[in-house]
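Shown next, in structure tokens, is the structure this report addresses.
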Amino acid sequence: MKSLKHLFERNAKWADEIKKENPEFFSELSLQQEPNYLWIGCSDSRVPANQIVNLPPGEVFVHRNIANVVVHTDLNALSVIQFAVEVLQVEHIIVCGHYGCGGIKAALDNKQHGLIDNWLRHIKDVYRFHKDELSKLSEPNKIDRLCELNVIEQVQNVCNSTIVQNRWADGGKLWVHGWIYSIKNGVLKDLDCTFSS
Ligand SMILES: [Zn+2]
């Protein structure tokens, strides 16, 4: 079995470059993390959280899954949100989707994809909530609009979690944002669904 030697070489080069700019970068960062942002995004390899907002390691706490879904029974996502809000005290939670999302496309195509179909049920629910609007749109527009509506829906799910509700009830500062990213031009768009209470 190959040991993916080229990835270790790339890692060594990357670490060297950072240390050239700031010799203390890793030693300082190793003491603690103080990110101010929790990023909830899609697992898609073309949507890497830190690179999109051009922030170095230590600045963004990240949770990614297929189609950036926040489900109230998902212990993984809820644990990430709890840790980010209660321990790291982040002030911003960003749900970021992207146009052309494969998870959204798969949820719309009425074919079986195996286990993942159970996950995609959550997106089919979003479709059902907005069927009147979506059924009038042609295929590419329908997918892109569902990508946006899915973000807005997941923002609501984050806001309705007990973790965020409790934070707000305690008077804590916390903003929940919904953004969408274009893999065609690398640009982020704010979907104007930010909540702070
Ligand atoms: Zn995606």
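Note on Ser3 and Asp117: the extension gain reaches 37.7 nm, defined as 0.36 nm multiplied by sequence separation minus the Cα-Cα distance. With the whole protein complex present, Arg64 retains an accessible surface near 80 Å², based on a 1.4 Å probe.
What do you reckon, how do Glu21, Glu91, Glu9 stack up by accessible area (1.4 Å probe), largest on top?
Output order, biggest surface exposure first: Glu21, Glu9, Glu91.
Largest first, the residues Lys2, Lys13, Lys124 sort by 1.4 Å accessible area into Lys2, Lys13, Lys124. Listed here are the pairs Lys142/Lys189; Lys20/Lys184; Lys131/Lys184; Lys142/Lys184; Lys136/Lys184; Lys111/Lys136; which of them are more than 29 Å apart at the Cα? Exceeds cut-off: Lys20/Lys184. With a 1.4 Å probe and every protein chain kept in, tell me what percent of the accessible surface of the stretch 52-197 is carbon plus sulfur. Answer for the stretch 52-197: carbon and sulfur cover 50 percent of the accessible area. If R0 is 25 Å, what FRET efficiency do you get for Ser45 and Asp16 from their C-beta distance, rounded to 0.05? My answer for the efficiency is 0.55. Among the trypsin sites (Lys or Arg not before Pro) in the stretch 157-193, those placed in a DSSP loop whose Cβ has at most 12 other Cβ atoms within 10 Å are Lys173, Lys184.
Once the Cα-Cα distance is subtracted from the 0.36 nm per residue extended length, the Leu88 to Thr73 segment shows a gain of 3.2 nm. Heavy-atom accessible surface of Val60, to the nearest 10 Å², is about 20 Å², with a 1.4 Å probe and all protein chains retained.
What the Kirkwood sum gives for the chain is a hydrodynamic radius of 18.3 Å, with every pair of different alpha carbons counted.
For Lys19, a cut-off of 17 angstrom between C-alpha atoms picks up these aspartates and glutamates, skipping any fewer than 8 places away in its own chain: Glu9, Glu28. A simple count of charges around Tyr99, restricted to other residues whose Cβ falls under 15 Å of its Cβ and scoring Lys, Arg +1 and Asp, Glu -1, yields +1. Computed over neighbours whose Cβ is under 14 Å from that of Asp132, the net charge equals +4, Lys and Arg +1, Asp and Glu -1.
How much accessible area per residue does the chain have, counting only protein heavy atoms and a probe of 1.4 Å, in square angstrom?
60
In the chain, the calculated helix contribution to ellipticity at 222 nm averages -13500 deg cm²/dmol per residue, counting -39,500 (n - 2.57) for every DSSP H run with n ≥ 4. Proximity of backbone amide H atoms, modeled 1.01 Å from N, is registered between Cys193 and Gly178 at under 5 Å, excluding neighbours fewer than 5 places apart on the same chain.
The values are calculated or read from the model by the stated rules, or taken from the named source; none is laboratory data. Keep in mind it's a predicted model, so treat the numbers as computed, not measured. So basically every Cβ, Gly included, is an ideal-geometry build from the backbone, and we count neighbours across all protein chains shown. Remember, those area values only see protein heavy atoms, side chains included, never the ligands or the DNA or RNA. Shrake-Rupley method; radii C 1.70, N 1.55, O 1.52, S 1.80 Å.
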